[in-house]
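Taken together, the values in this text are just the output of simple stated rules run on the coordinates, not laboratory data. Since the model is a prediction, treat every value here as computed from it, not as a measurement.
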Amino acid sequence: MTWVLVAVSITGLSLGLRFRVPALLVATGVLVTASIVVSVLAGFPLQSAMAMTLILLVALEITYLLGLFLAYAWSRTRERNPMAKKSGLPSG
């Protein structure tokens, strides 16, 4: 479960950094479907499968928002100091 949570979190972060809402909607649908199917096939009760799916969805959404925030912050930094990206020197 821990590795699945880490993988979902990395996916959410990368989606937030690179893509926008349509990609998140697709990832949400894939996650819900895969999580419930794998949990039921592994023999978990339906309530446990739903709880695990909810935890994974929360992790995906939070890390997506974190990725959006980081993408916004980096774009603002580049807009404020265009010489930093050209010269490779730190701003300050």
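Under 1.5 on a/c is rounded, so check that first for the chain, then, if it is not, pick prolate when a/b is larger than b/c and oblate when it is not; a ≥ b ≥ c are the square roots of the alpha carbon gyration tensor eigenvalues. Cα axes put the chain in the prolate bin.
Dividing the helix sum by the residues of the chain, where each DSSP H run of 4 or more adds -39500 (n - 2.57), gives a mean residue ellipticity at 222 nm of -29500 deg cm²/dmol. Annotation: extensible slack from residue 69 through residue 3 equals 21.3 nm (criterion: 0.36 nm per residue apart, minus Cα-Cα distance).
Put simply, the amide H of residue 44, placed in the peptide plane, has no neighbours under 5 Å, leaving out anything fewer than 5 places away on its chain.
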